[in-house]
Amino acid sequence: MLFLIVFNSISFVAKAQDDGIFTESSPTVLGISFDYGNLLKHTESLRQIDDAYPFAIRLDWSKHLITQESWDFCNCFPRVGVSLAYWDWDNPEVLGIGIVPLAYVEPYFLTQKRINLFVRMGLGGAFLTQQYDDITNPLNESYSTLFNFMIVLGVGVNYRLTDKLNLRLAAKYNHISNGGVSTPNKGLNFPSLNIGLNTSLEPIEFPSLAKNGQREPPDDKTRWSLVHFSGWSNANVGDKDKFYVLGFLGNYARWVGGRSALTAGTEWIFDYSRKERFTLEGSNAAFGQGAFLGGHEFWLGSVTFSQQLGVYYFKQNSSTDAVYQRYGLSYHFTKHVFAGFNLKAHLHVADFFDFRIGYVF
């Protein structure tokens, strides 16, 4: 899905031209940055591994799309690009190292100011060197395949030192897994801080808001949607470590101005790790979970980035907090049909990623 976004964004480059409103451009930007993170032990079996603080060095290539079409699309000037990172997981005997190529989109806001904000959304691969082996590497329950997938969501601040040179600082959440292809697959989940420098190959000048023109309100200021989602829980119950999760969401969103909408909804989750646990305990408790959700969405044209807070109203034999967070990214293929992915977490502990498809009425 992210690659569709990147493809559509790159199409802005091909159509860029001087339309009399402001001078359009798509300068190339090169960057180098460093990450430092904290590997989360989100299940009990991972606690056998010592605390780990992974770090990385990353090279970036991107195009900064300063075009009227990109402004009309998201009320921002995005970068689209690729990166290549070397990750050291701070535990070479068990976790090895990682080489991570990534495609990403970075919408930039407040570009007329020296300090501006951006959001990073990335999807790519992760080549990991020290896979699980029941004889030679039994402690690595995080991954068991050479090739894995990586998802990155983050926010950051960019400081323009000159019209070509920028200093940036970002906070990100990173998830690596093989998508359930092979077990064990607890995944690598880690927040990280990123600091870096980037430079454009030519000076960048952002147009003023007066030249950009104000973004028109959306035609439909409300969205009623129904969503189905599916994923894999990383819970460890009995002798099993991978359980299917599915659910349904009913959601209401109301545009409140600019790119922002407020949301309210309810979801019902069927996590089969809970069913397995109740079976082993001899409990007759229902394993389904119901929750109210409230939050915020960025409406960026065909792209929606959401942040929600959930509160359980039905959860028997609870073993986790009553409140959780959800972070999601979706792409609208048509006015009615969209798809995306979402992370559910209890504070700093990731519960599961899910892939979803929805319909807007």
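The values are calculated or read from the model by the stated rules, or taken from the named source; none is laboratory data. From a predicted model like this one, the values you see are computed outputs, not experimental measurements. Don't worry about glycine lacking a Cβ; one is built from the backbone with ideal geometry, like all the others, and counts go over all protein chains shown.
For segment 332-346, a residue qualifies if it is at pLDDT 85 or above, surrounded by fewer than 20 Cβ atoms within 10 Å (Cβ to Cβ) and part of a strand (DSSP E or B), and the qualifying residues are His332, Val337, Ala339. Among the residues of segment 146-164, is there at least one that is assigned by TED's automatic domain parsing to the domain that holds Gly37, out of contact with any strand residue (DSSP E or B) (no Cβ under 9 Å at 6 or more places or on another chain) and not in a loop (DSSP other than H, G, I, E, B)? For segment 146-164, residues assigned by TED's automatic domain parsing to the domain that holds Gly37, out of contact with any strand residue (DSSP E or B) (no Cβ under 9 Å at 6 or more places or on another chain) and not in a loop (DSSP other than H, G, I, E, B): absent. The set of residues in segment 189-232 that are surrounded by fewer than 20 Cβ atoms within 10 Å (Cβ to Cβ), at pLDDT 90 or above and basic (Lys, Arg) contains only Lys221.
Scanning for something part of a strand (DSSP E or B) and surrounded by fewer than 19 Cβ atoms within 10 Å (Cβ to Cβ), does segment 280-291 turn up at least one residue? Within segment 280-291, one or more residues are part of a strand (DSSP E or B) and surrounded by fewer than 19 Cβ atoms within 10 Å (Cβ to Cβ).
Give me the residue from segment 322-331 that is surrounded by 15 or more Cβ atoms within 10 Å (Cβ to Cβ) and not basic (Lys, Arg) and, out of that set, farthest from the chain's Cα centre (by Cα).
Just the residues of segment 322-331 that are surrounded by 15 or more Cβ atoms within 10 Å (Cβ to Cβ), to begin with: 324-331.
So of that shortlist, the ones also not basic (Lys, Arg) come out as 324-325, 327-331.
On the way: Tyr324: 16, Gln325: 13, Tyr327: 7, Gly328: 7, Leu329: 7, Ser330: 10, Tyr331: 13 Å.
Selected residue: Tyr324.
Scanning segment 332-361 for residues that are more than 16 Å from Phe248 (Cα to Cα), in contact (Cβ under 8 Å) with a residue 24 or more places away in the chain and within 13 Å of the chain's Cα centre (by Cα) turns up just one, Ala350.
Could you list, in sequence order, the residues of segment 236-259 that are within 30 Å of Ser182 (Cα to Cα) and part of a loop (DSSP other than H, G, I, E, B)?
Keep residues of segment 236-259 that are within 30 Å of Ser182 (Cα to Cα), which gives 236-249.
Result: Asn236, Gly238, Asp239, Asp241, Lys242.
So is Val303 under 27 Å from the mean Cα position of the chain (by Cα), of a type in the set (A, V, I, L, M) and surrounded by 14 or more Cβ atoms within 10 Å (Cβ to Cβ) or not? Against the criterion (under 27 Å from the mean Cα position of the chain (by Cα), of a type in the set (A, V, I, L, M) and surrounded by 14 or more Cβ atoms within 10 Å (Cβ to Cβ)), Val303 qualifies.
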